[in-house]
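For reference, the structure discussed in these notes is given below.
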Amino acid sequence: MKSSPKKSRSGFTLLEIVIALLMIGLLFGMVFSTSRAALDLGNNIVKTQNEEMLHQAFFDLLEKRFTSLPGNTRLDLKVTETPSHYLSDLTLENVPLSFTWGNQERTAKAVQLSTVMRRSGFIDIVLRYYENPILDETSSEGTGSSFKSSSTEEVPFAEITLLTDVRIFEWRVLNPTQLEYEYVWDESGKLPIQLELTCAFGADGEPMRHIFWIPPKQNPEVFMRQLQGSARNSQTGAPQNPSIVIPAPNVPPTPVIPTQ
């Protein structure tokens, strides 16, 4: 009796299928983790670049604003010291800004750059617009009007958060008389020649130091008073400056004709 020949095996066993599925799963996992890491790296790079662009735009805005301040600008810097931060209010007056807010044409006669403490431990940089002056007026003989400090009764009609997650934001001003840096500035009728800003962003950001120059400019109010005084002196016939002597024009002498 002859035995029937054995049939050849076809297909895969269950174990081979399981091993193949495991290898495919591992391969997909490696590809997914690699692509996810590359995507996260790209997002972090884009986020960092956007933050740097935002910070640079903020510094450019400050530099443009400080260099274009008119001569009659009133500057007031107040600092409140806390256990973890220096909170400051930098107020500028006589720098009228016209813009549209809430579909209405508005004019801000005072702007204030303030630091606001948050629960996260960081601070926000907030720009506030005021429709009326917020610096208290005082009078001093011979120097005209000046100011003492910023008033807290006025409410801003617009408020914009410029920066968030700021760890350090400290102002110092250079006194042109003493040539020393000060944390507070309330000099009446005077502007510092330089502002120093030290700031750091995020939990790991390195402190950065920026210098902003304020070019000296003539006060237009003083110039107009001098111009009006010169006009009054010219109308009354009085010399504008008695110490200045105007020489007579150099006229050649009249020739003398001898008589015969």
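Distance between the C-alpha centres of the range 159-193 and the range 66-108: 11 Å, rounded to the whole angstrom. For the pair ARG36 and THR164, label points projected 7 Å from Cα toward Cβ lie 2.6 nm apart. For the range 70-136, trypsin sites (Lys or Arg not before Pro) meeting the loop criterion (DSSP other than H, G, I, E, B) and having at most 14 other Cβ atoms within 10 Å: ARG118, ARG119. Using a simple spin-label model with pseudo-atoms 7 Å out from Cα toward Cβ, TRP213 and LEU27 lie 6.6 nm apart. Exposure proxy shown here: for LEU54, LEU69, the number of other Cβ atoms within 10 Å sets the order, fewest to most, as LEU54, LEU69. The mean sequence separation of alpha-carbon pairs under 8 Å and at least six residues apart, normalised by the residue count of the range 52-220, gives a relative contact order of 22 percent. Please count, across the range 52-220, the pairs of lysine residues with Cα atoms under 16 Å apart that sit 8 or more places apart or on different chains. Lysine pair count for the range 52-220: 5.
Rule-based calculations on the coordinates, nothing more; no lab input. Keep in mind it's a predicted model, so treat the numbers as computed, not measured. Here the Cβ is made from the backbone with ideal geometry for all residues, glycine too, and neighbour counts use every protein chain on show.
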